[in-house]
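Undergrad: One structure coming up, written as structure tokens, with questions to follow.
What follows is calculated from the coordinates using simple rules that are stated; it is not laboratory data. Everything numeric here is computed off the predicted structure, so don't read it as measured data. Note that each Cβ is placed from the backbone with ideal geometry, even for glycine, and that neighbours are counted across all protein chains shown.
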């Protein structure tokens, strides 16, 4: 029996490890599975190979690192997975853009004067997007609740401000339309009648106005304007026209009637003197003298205007009001 030299040992023989054969299908399945579970990192991540889209970032797997058999299928799987992740991210982008469009459209109501008929939300609420923004500023739930409450109060106050501004704009528009309509009426009146003059050119006091009620007047209300002046004050035609009546008018005393066309007739009552009894007269032309004839309590000119036989307010005819 032979012996080995002292101090030396024969190395034990071990079977060489068998190489594990991994088929392309297995690699493709494993890597494909990894690709299917897309890696998503929050914005601001410093991981290399990250494609940012919207609020998320999708990590791309470099195709060059895949060398196993079935390479093309594996790369396609990874690319498809990445594409799906990116598409999902872009979907979130589209949703964000849609929300932005809605917000932008609503923001136009910030200037209600552009559309006084716009419906303003009087019960606005803090949106989920706004709540997320506030959440980033809050360290605790209580702080978040406080911030949300403050934001809600601001929204309510802004809604009330918008309502006030819208109402003011509507009032201004209504006033402008009324003034425009009055101007059109005045222009048409002037077109039909021409220049209009106040029948008393000197100082006077309006002692009674159209529509006043009382027992002094036979109809129970005042049908014209009373210009209180001294007896003998000049009375002029209020507009171009034709004298159609002149003489005694009972309770009216001495009076003159002038037809101005288009259904308008003016009457000058309680005169002390009639100077023109017929024919055409011009606006501002003297036609008589004031007095206190007929049923009066003192010297004055009672001036009336009728349109198609109906009494109308002489103030509107003379001054447009």
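Undergrad: Is region 262-315 best put as rounded, prolate or oblate by its Cα gyration tensor, with a ≥ b ≥ c the root eigenvalues, rounded for a/c under 1.5, and otherwise prolate when a/b is larger than b/c, oblate when not?
TA: On the way: a/c = 2.25, a/b = 1.20, b/c = 1.87.
The shape class here is oblate.
Undergrad: Using the Kirkwood formula over every pair of different C-alpha atoms, what hydrodynamic radius in Å results for region 205-319?
TA: This gives a value of 13.9 Å.
Undergrad: Per 5 Å bin, what is the whole-percent P(r) computed from every C-alpha pair distance within region 112-193?
TA: 3, 14, 14, 13, 10, 9, 9, 7, 6, 4, 4, 3, 3, 2, 1, 0
Undergrad: Please work out whether region 141-230 counts as rounded, prolate or oblate from its C-alpha gyration tensor, where a ≥ b ≥ c are the square roots of the eigenvalues and a/c under 1.5 means rounded, while otherwise a/b larger than b/c means prolate and anything else oblate?
TA: Working: a/c = 4.76, a/b = 2.77, b/c = 1.72.
Prolate shape, in that a/c is at least 1.5 and a/b is the bigger ratio.
Undergrad: Is the C-alpha gyration tensor of region 130-174 telling us rounded, prolate or oblate? Criteria: a/c under 1.5 is rounded; beyond that, a/b larger than b/c is prolate, otherwise oblate.
TA: Prolate, because a/c is 1.5 or more and a/b exceeds b/c.
Undergrad: Using 0.36 nm times the number of residues separating residue 311 and residue 145, minus their current alpha carbon distance, what extension gain do you get?
TA: Working: separation 166, 0.36 × 166 = 59.76 nm, distance 6.93 nm.
Full extension of this stretch gives 52.8 nm more.
Undergrad: Can I ask one more? Hey, can you rank 184-197, 264-277 by average C-beta count inside 10 Å, highest first?
TA: Numbers: 184-197: 13.6, 264-277: 20.1.
Taking the mean over residues of other Cβ atoms within 10 Å, the ranking is 264-277, 184-197.
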